[in-house]
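The values are calculated or read from the model by the stated rules, or taken from the named source; none is laboratory data. The structure presented is a predicted model; accordingly, all values stated were derived computationally and were not measured. Note that each Cβ is placed from the backbone with ideal geometry, even for glycine, and that neighbours are counted across all protein chains shown.
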Amino acid sequence: MSEQEWRPTACNLCYANCGILARLDDSGRIIEKVKGDRAHPVSQGYTCNKAARINFYQNGRDRLTSPLRRKDDGSFEEIDWDTAIAEVANRFAAIRDRVGGDKIFYYGGGGQGNHLGGGYAGPVRNALGMKYTSNALAQEKTGLAWMNSRMLGGGWHGDFHHCDVAIIIGKNPWQSNGLQRARVVMRDIGRDPERTLIVMDPRRTETAELADIHLAVKPGTDVWCISAILARLVQTDRIDTAWLAAHATGYERVLSQLQEVSVEEYAAFAGIPMEQIEQAADVIAATNRIAVYEDLGVEMSPNSTLCSYLNILLFLLPGAYGVEGGTYLSIGLNGGSILGGRGDVTKEANGYQVEGPTTPVTGARIVGGLTPCNSIAEEILTDHPDRFRAALVESANPVHSLADTKRFREALESLELLVVIDVAMTETARMADYVLPASSQYEKCEATFFPMEFPENFFHLRRPLMDPMPGTLPEPEIHARLVEALGVFRPDELDTLKSAAQGGLNQFTAACLPTLGDPKILAHLPYVLYRTLGPSLPDGTAGAAVLWGLCQQLAVTLPEQIRAAGHKGEGADLGDALFRAILESESGVVIMRSEAGDETQWPKADGKVQMLIAEMNDELDKLGQYDLPKRTDEFPLLLCAGERRSYTANTVIRDPEWRKSNNPVSLSINPIDAGRLGITDAGAARLITKRGEALVLVELDDRMQEGTISLPNGQGLTYPNLSGDEEQTGVYLNELTDLHDRDPFVGTPWHKHVRARVEPVA
Ligand SMILES: Nc1nc2c(c(=O)[nH]1)N[C@H]1C(S)=C(S)[C@@H](COP(=O)(O)OP(=O)(O)OC[C@H]3O[C@@H](n4cnc5c(=O)[nH]c(N)nc54)[C@H](O)[C@@H]3O)O[C@H]1N2
Ligand SMILES: Nc1nc2c(c(=O)[nH]1)N[C@H]1C(S)=C(S)[C@@H](COP(=O)(O)OP(=O)(O)OC[C@H]3O[C@@H](n4cnc5c(=O)[nH]c(N)nc54)[C@H](O)[C@@H]3O)O[C@H]1N2
Ligand code: SF4
Ligand SMILES: [Mo]
């Protein structure tokens, strides 16, 4: 038995980031046991099957332990940190000086449970004049974010814990979680005769099996199904017109469009019996406690942006917005993120968005500051003078996760400089000129920026469980050294703030607030805080220094909500109190409490949500043409390229040994399709798309709709086996996807809708 204590942290395998208690072995380096942390304010002891396996992340055999530099012969050599920092800073600076810092691209900044590090990249980006950035959100959530910013002014979240009707669209929370205590919550709603669970998914997923109404749409037809339900509500006069008159504007056009929809025809096209459409409309009409969740099944399929628009209407038309048990704007500490945050709706003319940033070469729409992932290769592989010449990738594995790996690899190869910050030797790190090894999420303090709960919002700052692995540095330190190598501040320039911090938090706050008017301090604030306040923070929490700024900002924008959660004070004192509470609470703390329908929920200018989104209203008019990418004789099947299963976790865990069966690597196919193709269970087959082919292991699965197949996400990684030889397990899906299959508005990929063919192999 280990002598070690149970210590609070969080699982980093999905963005729910459940609070856990972890116990190390006697060496203090291995996470030996894990259990749910009942003291965590929202996960309350819950975990799914994966949390127990986090040591496969912590102690992967391909963890990086030294900075690496590429040699002329293509192999890597180990170099020391001083050399690495100096060379990386000099080479980026030289590119900035020659062609401009806006030609240096930034990708990543946080994965499923680590977002503090990315916060410290800001000062490096500003010092280099970097302008264009992206991350995984720009291949899933930018269509939704575009609608959110124009309709509501921020990101929303359904109150699944108190709703009457839960509507889950293109998501399988049983496997992917994404809301707190997902399995328990889904089962509770499914079992409760007073509550209704509606699941829209072509596949009979574990969640669909719990549902009262499973709308097994044909792939890619969700917009017809949702339009049919909305039209049914409008045509039978069962929407909340009084609520709309009081809280919304611009709804006339969409209501008259829905009035005209042929409900029967739309339902038939989606493959849904009319009784189910009516049943769904009936339960929605009966309450305003409706919680909605959309995810990859629709966000990575044709018509994704229109689908996000319709999903917002699903809770607006019944007036289920800003009410308890309904859907709310999230108001977390992630105030600036495209998912959370709160602001005003974007400027429009006649419902059309009038302006907005675009990418320098192809003119693709930039939403929430993010370059569409599917456009990045096109922004590089060109002789346009504004093409990207270099990139900094942090805490992401885009060579594996972006559509069309072949094209993306070509793009990275053509860059002058690629620098990767990661904990492991990833597919992306393998292509870098310099690899900078980061300490793991259990070796430094970390936090998640995805808490979206309402009316209470929490924050969990995790302390390190152990010292950094020798040779690694936490990202705040890496970025601080880069800022210093770039010569942003004179060595003594921050001395006043440093000595103020030694006098305690109040003294620091009094000294720091007046400096925020200085544009140079503001542009590099995370760095300034890390080097001044950081050293005075307890127990390895120097990396939390950046939160001081967020807490002070929140104390200005939402003081009443912070006080309602029990934090005391006014102005800067309130900011300090919140910051102290976050530092002191080891299992997470409630940072804000709101009232249903309070002012945090409404766009600031006129207090009304906007429902005229002309681009989407135009799209709605086109649905009568029933236009969807056609299946052909060459590609008669639709591949869901990247299903979340019980042992997938993006590429956070690389060791294939972590999974407990073969299901995580196999191709699921309906037995009828398999029979037609002459393929048997556990047999091998060849999978072919227009971009490539792969050998697969088949698993017959009658949950699959006929004509559809699926493969899990996060596979095909290269990993050293016990003898040190490299092996690849499972299908590297993005070798099979095409970057041109994407949403016309925001460029999100159609990963859940890849046309394919399967052939038996002898
Ligand atoms: N176990 C596990 N959990 C994870 C992750 C992981 O890697 N593993 N990753 C995390 C991340 S980054 C994310 S973004 C989330 C994603 O979480 P989910 O969105 O739940 O993940 P997927 O399994 O990709 O897709 C969900 C569902 O979409 C369905 N689908 C396919 N085509 C269509 C369609 O045309 N219409 C509809 N309505 N549905 C369709 C599929 O059948 C599938 O059940 O999961 C998070 N949680
Ligand atoms: N075909 C297909 N492609 C997909 C998807 C799909 O369904 N189908 N899903 C997409 C989705 S929704 C997502 S979110 C993306 C995810 O893809 P990415 O955003 O590229 O990232 P992850 O696979 O989550 O890997 C995160 C990286 O962070 C590293 N890491 C872990 N901890 C730390 C740390 O503390 N510091 C640093 N510096 N690095 C760390 C890990 O080693 C890993 O390399 O994939 C997308 N790609
Ligand atoms: S994988 Fe997600 S739901 Fe499962 S324990 Fe980890 S954080 Fe919680
Ligand atoms: Mo994701």
- Determine the pairs where a residue that is under 20 Å from Glu324 (Cα atoms), located within region 275-304, has a partner that is outside any helix (DSSP H, G or I) and within 16 Å of ligand 2 (Cβ to nearest atom) with Cβ atoms under 8 Å apart, the partner being 6 or more residues away or on another chain. Val292/Ile169; Tyr293/Ile169; Tyr293/Lys171; Tyr293/Gly178; Tyr293/Leu179; Glu294/Ile169; Glu294/Gly170; Glu294/Lys171
- Task: Please work out if Asp702 is at pLDDT 95 or above and either within 29 Å of the chain's Cα centre (by Cα) or within 19 Å of Glu634 (Cα to Cα) (or both).
- Result: no
- Message: Cβ-Cβ distance below 7 Å, separation of 6 or more or different chains: which pairs start in region 134-157 with a residue that is more than 16 Å from ligand 4 (Cβ to nearest atom) and end on one that is part of a helix (DSSP H, G or I)?
- Response: Trp146/Thr305; Met147/Thr305; Met147/Ser308; Met147/Tyr309; Met147/Ile312; Met151/Ile312; Gly154/Asn148; Trp156/Asn148
- Message: Take residues that are over 35 Å from the mean Cα position of the chain (by Cα) and in contact (Cβ under 8 Å) with a residue 12 or more places away in the chain and tell me which of the helices (runs of 4 or more DSSP H) falling wholly in region 470-516 contain 1 or more.
- Response: 495-502, 505-512
- Select from region 656-682 the residues that are assigned to a loop (DSSP other than H, G, I, E, B) and either surrounded by fewer than 19 Cβ atoms within 10 Å (Cβ to Cβ) or away from ligand 1 (no atom under 15 Å from the Cβ) (or both) and list them in ascending order. Lys660, Ser661, Asn662, Gly678, Ile679, Thr680, Asp681, Ala682
- Message: Quick check on my filter: what residues within region 590-649 are assigned to a loop (DSSP other than H, G, I, E, B) and either within 16 Å of ligand 2 (Cβ to nearest atom) or of a type in the set (Asp, Glu) (or both)?
- Response: Glu595, Asp598, Asp606, Asp627, Asp633, Glu634, Arg644, Arg645, Ser646, Tyr647, Thr648
- Note on the structure: Taking first residues from region 414-434 that are in contact (Cβ under 8 Å) with a residue 24 or more places away in the chain and second residues anywhere that are assigned to a loop (DSSP other than H, G, I, E, B) and among the acidic types (Asp, Glu), the pairs with Cβ under 6 Å that are 6 or more apart or on different chains are Leu417/Asp433; Leu418/Asp433; Ala424/Asp62; Met425/Asp62
- Message: Quick check on region 190-207. Is at least one of its residues buried (at least 20 other Cβ atoms within 10 Å of the Cβ) and on the phi > 0 side of the Ramachandran plot?
- Response: no
- Yes/no for Tyr732 being under 24 Å from the mean Cα position of the chain (by Cα), surrounded by 15 or more Cβ atoms within 10 Å (Cβ to Cβ) and within 16 Å of ligand 3 (Cβ to nearest atom): no
- Task: Please verify whether region 292-303 includes one or more residues that are of a type in the set (S, T, N, Q), touching a helix residue (DSSP H, G or I) at 6+ places or on another chain (Cβ under 7 Å) and assigned to a helix (DSSP H, G or I).
- Result: no
- Message: Condition first: assigned by TED's automatic domain parsing to the domain that holds Leu547 and within 16 Å of ligand 1 (Cβ to nearest atom). Can you find one or more residues in region 351-370 that meet it?
- Response: yes
- Query: Can you pull out the residues in region 53-86 that are aromatic (Phe, Trp, Tyr) and more than 26 Å from the chain's Cα centre (by Cα)?
  - Reply: Phe76, Trp81
- Query: Quick check, is Ser440 more than 30 Å from Ala596 (Cβ to Cβ) and either touching a residue at least 24 places away in the same chain (Cβ under 8 Å) or crowded, with 24+ Cβ neighbours inside 10 Å (or both)?
  - Reply: yes
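Here is a yes/no grid of residues against (1) within 29 Å of the chain's Cα centre (by Cα); (2) more than 15 Å from ligand 1 (Cβ to nearest atom):
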| site | (1), (2) |
| --- | --- |
| Ile239 | no, yes |
| His247 | no, yes |
| Phe269 | no, no |
| Pro273 | no, yes |
| Asp282 | no, yes |
| Thr287 | no, yes |
| Ser304 | yes, no |
| Leu313 | yes, yes |
- Scanning region 707-721 for residues that are part of a loop (DSSP other than H, G, I, E, B) and touching a Lys or Arg at 6+ places or on another chain (Cβ under 8 Å), the one nearest to ligand 2 (Cβ to nearest atom) turns out to be Asn713
